[in-house]
Every structure is written in C-alpha cells, then in structure tokens.
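To start, the structure under review is shown below, and the notes come after it.
Throughout, read-outs are computed from the coordinates displayed, never taken from laboratory work. Because the structure is a prediction, the values reported are computed rather than measured. Here the Cβ is made from the backbone with ideal geometry for all residues, glycine too, and neighbour counts use every protein chain on show.
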C-alpha cells in the first residue's frame, strides 16, 4: 500500500521578503509598477534597499508561504526550492523548517545570493514587488527530490517558476512524474505580469496537467483574454476544481463545473495585501485535503486571507487551525 509522508509537496522560488512602507510618489520615482511584480538585477536590488527605511525582513516566496499556511492549519507539507550560500539562505531554511514545513536543498547551496523580493506597501495596503531571483535562477531538475513528490498526495506549483527556462523544464518533469503516480497537481497563476509573460505556457500546462487552479480576477482575465464570466467557463472546461479570488468582493470557487460564491471576511484594519492569495490557497487546500465541502474550502481560504492582510508579511502570526469552526 502506498504510504504518504506529506499531504502536499510545494515547489517554488525560495525568497526572503524585504517589506517597507512607501508612497505612490516613490513608486513612480523608482519606476515600479504598482500592484505587480518585476524582475530586477543585483544593482537595482541594492538601490531599492538603500531607498527604504526600517524594512521588515522575513522569509517569503509564494509557494513557500502557502506551504507554511497549510502547515499552520494542521496539514503536512514539504517544500522544494533553491537558496544561496548566505545569511538570507540560512534565514529562509530556518524559518520554513521552524514552521513545520520540511525543506532541505537537494543540491549543495549555490554561491549565488539567495533570492529577495523587495515589497513596497502603499497607504492603500497594495503591495508592489521587485524580485531579485539570485540562486533561484539555478533551480533545475537536479534540485528536485523525487521521493518527496511521489510520497505526497498533491503537487503544488507557483507560476513564477516559469521565469527561468531550466526551472520550467523541471516543472514539466515533476508534472509527468506526478501524473505517472496519479498524484494531483495544483497550480497558481501567481501574478498578472507573470501571466502576460507566459500565457501560452500556462495554458498548455493547465490543459495537460493541472487539476486545481488558483488565480485572481485580473490573472484569469489576462490568461483567457476575455471577461470574467467567460473566463470562469473556460477554466472550468480545462480543470476540475479551483478558486478565483475577487479581492473585497470575495471569491468564486468551483468543482465539476458547479460554482459557489464565497463572501469575503471583514477585517478591522487592512495593512498589507502581501500573501493574501497565498493564504487563500493554503486554507482552500487544507479544506480539500481534509474532506471539507467546496464551500468550506473557500471559506477557510477567505478566513486565512483576511488574517494575513492585517499585518505586514506573508507568514501567519497565529495558528490558522484556530480559524476552523
């Protein structure tokens, strides 16, 4: 009989978040697209860090955040990613393992610097990300621990990985491995600009491999180049289950072409939207893995997203298990 050591294997960029408050004027001055994610080099990263004051430095990365959230709900998770040989790599590894998510580089640590995401948060709580990929660029098939995947029930992949050609090859390798073992695959579109860069690749991956999709309204509209209603119909023809988040308007979740509207959860203070989508996926996946209804999966996602936007950073400060009724 097959033995599952983890519920989910998460694959993504191992990133350290550097978070700071800023103004819309500074975003314009620094030529940073508001609400999106741009890739930057070392020189630009150093310039941005020099331009901000009193930043909060915490472990991040989209799939890694979702893994930590899933673990906080009580799920069993492991993470595959690539760090560098520096203090930020040590910080990432220490933080994620402390959160009960198993992580260990399969290959020796890279001499490259660990990836960083400089997240500037404006007064409206919108976050704008500038990401230095660093060691994540070296993520490849050799970085994959196949035993983690084959001993899980589900594989979760973030779309940001498609920004690196070798990582993209590794993702397809993992998807083929998962399908051969009848392991389900979940995929997050990750970011509007990421969808624009890789629309055809994303569509091909979804049709061929993906069982569960996560996206926000703008991402799904950009993917299918149509209005929201049409996009929801199109994605339901391609995957069995998923969630489309709509910000303060809640979300739409679906399973076998049946849709459900999930209300958002009111918060006392909106501070930082970083990680809202990541935590929604964490709550949804916990509900799914532990046999909750599709509506309850959506509700758990909404509760987790509402929790994370009330403070800076994309890692929960409470045990998300407390949100389960």
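For the range 40-176, just list the percent of Cα-Cα distances falling in each 5 Å bin from zero outward, please. Result returned by the calculation: 2, 9, 18, 22, 21, 15, 8, 4, 1, 0.
Shape analysis of the range 181-325 yields a ratio of the Cα radius of gyration to the Kirkwood radius, Rg/Rh, of 0.95. Comparing 239, 210, 267 in a Gaussian network model of the chain, where Cα atoms under 10 Å apart are tied by springs, the biggest mean-square fluctuation is seen for 267.
Over the chain, Cα pairs under 8 Å with separation of 6+ residues give a relative contact order of 19 percent. Could you compute the FRET efficiency for residue 234 and residue 172, with r as their C-beta to C-beta distance and R0 at 22 Å, rounded to 0.05? Computed FRET efficiency for residue 234 and residue 172 comes out at 0.45.
When the alpha carbon gyration tensor of the range 125-267 is reduced to an equivalent ellipsoid, its three semi-axes come out at 26, 19, 14 angstrom, largest first. Entry note, the chain: the mean residue ellipticity at 222 nm calculated from DSSP H runs of n ≥ 4, each adding -39500 (n - 2.57), is -12000 deg cm²/dmol after division by the residues and rounding to the nearest 500. Note on the chain: GNM, Cα springs under 10 Å; of 223, 91, 26, the largest mean-square fluctuation is that of 26. With coordinates expressed along the principal axes, the C-alpha atoms belonging to the range 1-112 extend over 59, 31, 22 Å, beginning with the largest.
Highest GNM mean-square fluctuation among 217, 21, 87, for the chain modelled with Cα contacts below 10 Å: 87.
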